[in-house]
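The values are calculated or read from the model by the stated rules, or taken from the named source; none is laboratory data. Just so it is clear, the model here is predicted, and its values are computed rather than measured. Virtual Cβ from ideal backbone geometry, glycine too; neighbours counted across all protein chains shown. Ligands, DNA and RNA are stripped out before the accessible areas are found, and what is left, the full protein with its side chains, is counted by its heavy atoms. Shrake-Rupley method; radii C 1.70, N 1.55, O 1.52, S 1.80 Å.
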Amino acid sequence: MGINMKKTKMLTHTELASFCGELALLLPAGITPYDAILCMQEDSSSPQAKKLLEQISASLREGLSFYEALSASKVFPDYMTSMIMLGEQSGNLDIIMRKLAAYYDQQCSIASSIKSAISYPLIMIILMLFILIVLLTKVLPIFQQVFVQLGSDLSSVSRRLMSLGTLIRSISIGLIVFIMLASVLIFIISLNNSGRKKLIHFLHTFALTRNFYLGIAYSRFAGALAIVCAGGIDIYEGLILAGKLAGNELMDDKISQCRNRLLRGDDLPSAMKESSIFQAKELRMLQVGYRSGNTDTVFDTISTRYEEKTISHLQKIIGAIEPTLVILFSLMVGLILLSVIMPLIGIMSSIG
């Protein structure tokens, strides 16, 4: 099992997917959670994983339930242990583990897609800034000194270009300092729990990032409900857990309204429609799935659709940013080169 566990550090989505996936293979064969943990412990080659599995097996030997044993380790998220508790109570623990494994695999896929989409533009920006800094701080000042020593009489166009190059240098240095300070400030804020919550609130409500994070939240929410429906868990309790997995403030009120409508006697599709959860197309799919008893499959499909739509939207935005960055960088470099070339042409003309 690929776990790199520290005492109080929560497991990553990759590690959770590995843990749930192995249990999902063992539990359907009639193996108890205790025996399954022992099998995983014997097969594990990681000292950290062995230590975690030994801790869980010891808790199970003491008579704790599987849910309680995982909670006692303090490295599993609350919503996962809550799902497992409900799975034990409903007798569908094997289904819950299979769905949890698929869910965490999906989250790994989302994270990987986001990193792939963002990494190339970031690398491009860093390289462009580096080249620009070298041109403005090293190359341009040398030419300026040469022109002064030669005592050349620069034309008005050349003087303006040279002044513009100096201005660009001043702006770029200020911009770099601002970016560095902003990055340090964001990092410091993210270390503090209240600061992290404020940062998340800003990202969830800011116009440029709101739709992206809402799409991710819908994907997580639908994925969590697929687990709830497949495991035979009460949908009212399942909505609470799904809301925790979604982790989006804009959805909290909608989920609360949906739960209230369920208490009034509405069925799930009607409650979600009245609470403005999902779009019309997804709601029609849900109504058909609800009547045919395939609600979990429909939620899986909805989750995948939102994931693909959100990642595609992000890639389109980045696809538009990349050529814009190239054009701006080309213009800035072109102005810097012109501020050097124009005076050189003037000097060569006077010599000739």
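Some observations on this one:
- Computed over protein heavy atoms with a 1.4 Å probe, the accessible surface of segment 220-306 works out to 45 Å² per residue.
- Theoretical FRET efficiency, 1/(1+(r/R0)^6), r = Cβ-Cβ of Ile341 and Lys9, R0 45 Å, to 0.05: 0.20
- Surface calculation, 1.4 Å probe, protein heavy atoms: Ser330 sits at approximately 70 Å² accessible.
- Residues Leu250 and Glu88, FRET efficiency given R0 of 25 Å [Cβ-Cβ distance, rounded to 0.05]: 0.15
- Under a model in which nothing but the beta-carbon of Lys, Arg (+1) and Asp, Glu (-1) is charged, segment 57-116 shows a dipole of about 200 debye around its Cα centre.
- Scanning residues 5 or more positions from Ile31 or on other chains, none has an amide H under 5 Å from its amide H, with H placed 1.01 Å from N in the peptide plane.
- Here r is the Cβ-Cβ distance between Ser276 and Ser65 and R0 is 35 Å; the resulting FRET efficiency, rounded to 0.05, is 0.40.
- Cα centroid separation, segment 271-318 to segment 28-89 (Å): 33 Å
- Gain in span if fully extended, Asp267 to Lys74, counting 0.36 nm per residue against the direct Cα distance: 65.8 nm
- Share of carbon and sulfur in the accessible heavy-atom surface of segment 255-352 [1.4 Å probe, %]: 60 percent
- For segment 1-141, accessible area per residue (1.4 Å probe, heavy atoms of protein chains only), Å²: 50 Å²
- Report note on the peptides 234-244, 214-224: ranked by the mean count of other C-beta atoms within 10 Å, highest first, their order is 214-224, 234-244.
- Extending 7 Å from Cα along the Cβ direction at Tyr120 and again at Ile321 yields two label points whose distance is 1.4 nm.
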